[in-house]
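What follows is one structure encoded as structure tokens, with my remarks underneath.
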Amino acid sequence: MPAGRLTARRAGRALADLPRRHLGLVLLLAAGLALRVAMMVAYRPALWFQGDSGGYIRRSQQWPELEPRWPFPWLIKAFEWTGTLASVAAVQHLAGLALGVAAYLLLRRLGVGPWLAALAAAPLLLDATQLTLEHYLLTETLFTAAVAVAALLLVRRERPGPATCLGAGVAVALGMATRPTGIVAVAPLLVFLALPWRGWPPPVAYLLGIVAFFGAVFVGTGTVRDALGLEGGKFLYGRTAQIADCDRLELRPGLRKLCPTQPLDQRPERPDWFIWTRDSPIRNAERPADLDEFAREVIRQQPGDYLAKVASDTARYFWPTRLGPAEACLASLWRPRLAPTNWAADYDCTPRTAGADYRWQPTPSRDVEPNAASRIMQAYGRYAVTPPPVLAAATLIALLGAAWPRRGGLRLSMIALLYAAIGAGIMVFSVATSMFDLRYGLPALAFLPIAAAVGWQRLRSAWTDRPPPVDSGSERLAPTAESNGKHDEATGDRGHGVVAVPQRG
């Protein structure tokens, strides 16, 4: 049989065998796609979050004066030609599916079994909160995709080239510009590149990618403050105002006006009350810098209270706790509801949908009858969420696997630590600089399950006393002493005095 026909037959057979070899992913992908189609039908054209969504759309309409420091409005602008914000929601849903597939393929490349890899990808593909936030006109999906791509570029091959490292730097900078939380990924990715040390080009290229991105933003904005997206300390003010004990704080008169009037044990349960409410003392700030200064003074003079509050709120991502009324109100927005109804009657706790076109205002408040798709999604959202103890177990497995005393397997340890550091860092940073919110912690689903799967793979390799698997991409040809002068019909290789034998390194 001619070699070309034989090769084509083998390729066809391998392609037909793909669904069987990756059955877990195929099933999850089909379910994830069906759920996202249901979201598109249930809540048309997209979900809308109070002032945030409208702000992004208003910025997108500033073209050609749209500042480059706002990546999400650029995404909205890119699909304005469609005439409907459903296109943005569809792109975000496709990004969620792509993240799940990428997580699976990365783990398979690292030697993780197909069913464990599928299990690690399941939260990205099936979690109801993930599905809901993909449908909102919010930055979480773009942020998660940017940081996940940065990590994937550096982890995919054992020795990423300068171009790959440059791309990773640009991707993580895009994540930072989308949400400041992206800064938690910069140092772990740099350390991952530097250990073990292989020279200057990879880390330098990575840092150049970050500098190039923000350099381009600086050209468009003209100031370093605007290029880095430094908006003042209102979110950190809200965080610290909740714990500020002004009776024992030494503050200048201009800052003392920012002290909360409620006793410590009667402060609002959500720090953002101090940002958005008319009764908040934030209205007394003479300049934005006062908010930064107030927050710094509280942290400096009450470090124990601040760290205790950050620790207790971070722990809520890993263990279920009872939500207060205001917290439950906010959390309810991140689960599928029966239908966005008369939101004017309950302004804070009722989701709303975007308008029929690219207007920066939501659909007018009105009663809407739930359709079949919204009934299905609302029932699904009651149970199909990743329980906090699962995230705690994932983090523990990742750390245990990375630290397990066994010679070899440094690369797997580094990958587990990298993904655990980014996932947990997202949660800690969000709480430390703003507040506990399921929305802010959700991007960790793209990192902690992968960290757990890699950590488990290293533990399993240690228990079975087998060497950890190495990337298939590291396979190379090395000469041996065997003579070979024949032509290999199957591969088309021709020997030249020595056999070219694949060696894993």
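The values are calculated or read from the model by the stated rules, or taken from the named source; none is laboratory data. These figures come from a predicted structure and were not determined experimentally. Methodologically, a virtual Cβ is constructed for each residue, glycine included, from the backbone with ideal geometry; neighbour enumeration extends over all protein chains shown.
For region 40-51, give me each residue that is buried (at least 21 other Cβ atoms within 10 Å of the Cβ) and either closer than 13 Å to residue 91 by Cα or of a type in the set (Phe, Trp, Tyr) (or both).
Within region 40-51, 43, 45, 46, 48 meet the criteria.
Taking the criterion of being in contact with a strand residue (DSSP E or B) (Cβ under 9 Å, 6 or more places away or on another chain) and in a helix (DSSP H, G or I), would at least one residue in region 133-142 satisfy it?
yes
Return the residues of region 34-50 that are in contact with a helix residue (DSSP H, G or I) (Cβ under 6 Å, 6 or more places away or on another chain) and small (Gly, Ala, Ser); say none if nothing qualifies.
Of everything in region 34-50, those that are in contact with a helix residue (DSSP H, G or I) (Cβ under 6 Å, 6 or more places away or on another chain) and small (Gly, Ala, Ser) turn out to be 38, 42, 46.
If I ask for residues that are farther than 15 Å from residue 359 by Cβ and either acidic (Asp, Glu) or out of contact with any helix residue (DSSP H, G or I) (no Cβ under 9 Å at 6 or more places or on another chain) (or both), which ones from region 51-77 would you list?
If the condition is that a residue be farther than 15 Å from residue 359 by Cβ and either acidic (Asp, Glu) or out of contact with any helix residue (DSSP H, G or I) (no Cβ under 9 Å at 6 or more places or on another chain) (or both), then 52, 64, 65, 67 are the ones that fit.
Is there any pair with a first residue in region 172-201 that is exposed (fewer than 14 other Cβ atoms within 10 Å of the Cβ) and a second that is in a loop (DSSP other than H, G, I, E, B) and basic (Lys, Arg) whose Cβ atoms are under 7 Å apart and which are 6 or more apart or on different chains, and what are they?
From region 172-201, the pairs are 198/159.
Just checking, does region 304-315 include any residue being assigned to a loop (DSSP other than H, G, I, E, B) and surrounded by fewer than 18 Cβ atoms within 10 Å (Cβ to Cβ)?
So far as region 304-315 goes, no, none of its residues is assigned to a loop (DSSP other than H, G, I, E, B) and surrounded by fewer than 18 Cβ atoms within 10 Å (Cβ to Cβ).
Within the group 171, 163, 187, 120, which residue is within 30 Å of residue 236 (Cβ to Cβ), over 13 Å from the mean Cα position of the chain (by Cα) and part of a helix (DSSP H, G or I)? Walk me through it before giving the result.
Values: 171 fails: over 13 Å from the mean Cα position of the chain (by Cα); 163 fails: within 30 Å of residue 236 (Cβ to Cβ); 120 fails: within 30 Å of residue 236 (Cβ to Cβ).
Just one listed residue meets the conditions, 187.
Between a residue in region 363-378 that is aliphatic (A, V, I, L, M) and any residue that is assigned to a helix (DSSP H, G or I), which pairs come within a Cβ distance under 7 Å, given they are 6 or more apart or on different chains?
Close Cβ pairs (under 7 Å, with a partner that is assigned to a helix (DSSP H, G or I)) amount to 373/38; 373/41; 373/42; 376/38; 377/38; 377/39; 377/42.
When you scan region 416-424, do you find a residue that is at pLDDT below 95 and surrounded by 17 or more Cβ atoms within 10 Å (Cβ to Cβ), even just one?
Keep residues of region 416-424 that are at pLDDT below 95, which gives none.
Within region 416-424, none of the residues are at pLDDT below 95 and surrounded by 17 or more Cβ atoms within 10 Å (Cβ to Cβ).
I'm checking my understanding of the structure. Among residues of region 228-286 that are under 28 Å from the mean Cα position of the chain (by Cα) and surrounded by fewer than 17 Cβ atoms within 10 Å (Cβ to Cβ), which one is farthest from residue 179 (Cα to Cα)?
Once the filter is applied, the top-ranked residue is 269.
Mind listing whichever residues of region 66-96 are in contact with a Lys or Arg (Cβ under 9 Å, 6 or more places away or on another chain), in contact (Cβ under 8 Å) with a residue 24 or more places away in the chain, assigned to a helix (DSSP H, G or I) and closer than 19 Å to residue 216 by Cα?
Answer for region 66-96, where residues must be in contact with a Lys or Arg (Cβ under 9 Å, 6 or more places away or on another chain), in contact (Cβ under 8 Å) with a residue 24 or more places away in the chain, assigned to a helix (DSSP H, G or I) and closer than 19 Å to residue 216 by Cα: just 72.
Can you give me the ranges of the helices (runs of 4 or more DSSP H) entirely in region 203-293 with at least 1 residues that are more than 30 Å from residue 155 (Cβ to Cβ) and modelled with pLDDT of 90 or more?
234-241, 253-256, 273-276
Tell me the residue from 164, 178 that is closer than 24 Å to residue 139 by Cβ and of a type in the set (Ser, Thr, Tyr), please.
Within the list 164, 178, the selection yields 178.
So, residue 34, is that one surrounded by 19 or more Cβ atoms within 10 Å (Cβ to Cβ), within 20 Å of residue 338 (Cα to Cα), modelled with pLDDT of 80 or more and not polar (S, T, N, Q) or not? Spell out the reasoning first.
Details: surrounded by 19 or more Cβ atoms within 10 Å (Cβ to Cβ): no; within 20 Å of residue 338 (Cα to Cα): yes; modelled with pLDDT of 80 or more: yes; not polar (S, T, N, Q): yes.
No; evaluated as a whole, the condition is false for this residue.
A quick yes/no check of all residues on (1) under 29 Å from residue 41 (Cβ atoms); (2) crowded, with 18+ Cβ neighbours inside 10 Å:
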| residue | (1), (2) |
| --- | --- |
| 60 | yes, yes |
| 75 | yes, yes |
| 81 | yes, no |
| 99 | yes, yes |
| 106 | no, yes |
| 118 | yes, yes |
| 121 | yes, yes |
| 124 | yes, yes |
| 130 | yes, yes |
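What number of residues in region 316-327 are closer than 20 Å to residue 266 by Cα, surrounded by 15 or more Cβ atoms within 10 Å (Cβ to Cβ) and of a type in the set (Ser, Thr, Tyr)?
Residues in region 316-327 being closer than 20 Å to residue 266 by Cα, surrounded by 15 or more Cβ atoms within 10 Å (Cβ to Cβ) and of a type in the set (Ser, Thr, Tyr): 0 in total.
Condition (residue is within 25 Å of the chain's Cα centre (by Cα), in a strand (DSSP E or B) and β-branched (Val, Ile, Thr)) applied to region 320-341: is it met by at least one residue?
So far as region 320-341 goes, no, none of its residues is within 25 Å of the chain's Cα centre (by Cα), in a strand (DSSP E or B) and β-branched (Val, Ile, Thr).
Conditions (1) out of contact with any helix residue (DSSP H, G or I) (no Cβ under 6 Å at 6 or more places or on another chain); (2) assigned by TED's automatic domain parsing to the domain that holds residue 97; (3) modelled with pLDDT of 95 or more, marked per residue:
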{"residue": "119", "(1), (2), (3)": "yes, yes, yes"}
{"residue": "125", "(1), (2), (3)": "no, yes, yes"}
{"residue": "133", "(1), (2), (3)": "no, yes, yes"}
{"residue": "140", "(1), (2), (3)": "no, yes, yes"}
{"residue": "148", "(1), (2), (3)": "no, yes, yes"}
{"residue": "156", "(1), (2), (3)": "yes, yes, no"}
{"residue": "171", "(1), (2), (3)": "no, yes, yes"}
